[in-house]
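This report concerns only the one structure given below.
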Amino acid sequence: MGSTHHKGCCSTLLAKALEGCDLKSYVFSVGLKPGPKKIREEQISRRWRAHIKEKLGIKCDFYSLKHLNTDQTSAILGLGIAATHNGHKSIATTGLYIVNENRRNHEVLKKVRTPFTGDQHC
């Protein structure tokens with residue numbers, strides 16, 4: 001299976017998981033359904049492995065998908081909103097998840113023109 005299949009499959013799973021989820025719910029609560037109670041990290045990892053990875057042949061783990069989603073959210077909406085989305089009290093925590101932020105920042109900085117740099121490209 002290619003990575004495109006995994007992304008599509010995971011997107012479908014996430015869309016299904018979000019059904020019935022409101023702003024005050026955890027997406028994966030008791031029974032891996034939306035609800036008010038947070039489950040332990042090891043529970044989601046164990047259940048993801050047993051019910052998703054092994055049954056569907058998906059290689060990515062739950063937290064690698066969380067990293068990817070957080071990175072994409074940060075790229076679109078900014079680090080602060082990504083932190084809020086993840087329920088992080090500290091942006092530093094969210095910084096652990098935004099795997100492509102340095103590359104994006106580097107690309108932006110390469111395009112910055114100041115009086116010092118003029119039209120020179122680095």
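The values are calculated or read from the model by the stated rules, or taken from the named source; none is laboratory data. A quick note: this is a predicted structure, and the numbers were derived from the prediction, not measured. FYI the Cβ positions are ideal-geometry reconstructions off the backbone, even for glycines, and counts take in every protein chain you see.
Annotations for the structure displayed:
- Residue, surrounded by the most Cβ atoms within 10 Å (Cβ to Cβ), within the range 87-116, restricted to residues that are among the polar types (S, T, N, Q) and not in a helix (DSSP H, G or I): 100
- Among residues of the range 95-110 that are in the same structural domain as residue 70 (by TED's automatic domain parsing) and closer than 10 Å to residue 75 by Cα, those with a Cβ under 6 angstrom from a residue that is part of a helix (DSSP H, G or I) and of a type in the set (D, E, K, R), sequence gap 6+ or separate chain, pair up as 98/71; 100/71.
- Verdict on residue 84 being surrounded by 13 or more Cβ atoms within 10 Å (Cβ to Cβ), without any contact (Cβ under 8 Å) to a residue 12 or more places away in the chain, part of a helix (DSSP H, G or I) and not aromatic (Phe, Trp, Tyr): yes
- Whichever residue in the range 57-81 is charged (D, E, K, R) and part of a helix (DSSP H, G or I) and, among such residues, is farthest from the chain's Cα centre (by Cα): 71
- The range 31-47, residues that are part of a helix (DSSP H, G or I) and modelled with pLDDT of 85 or more: 42, 43, 44, 45, 46, 47
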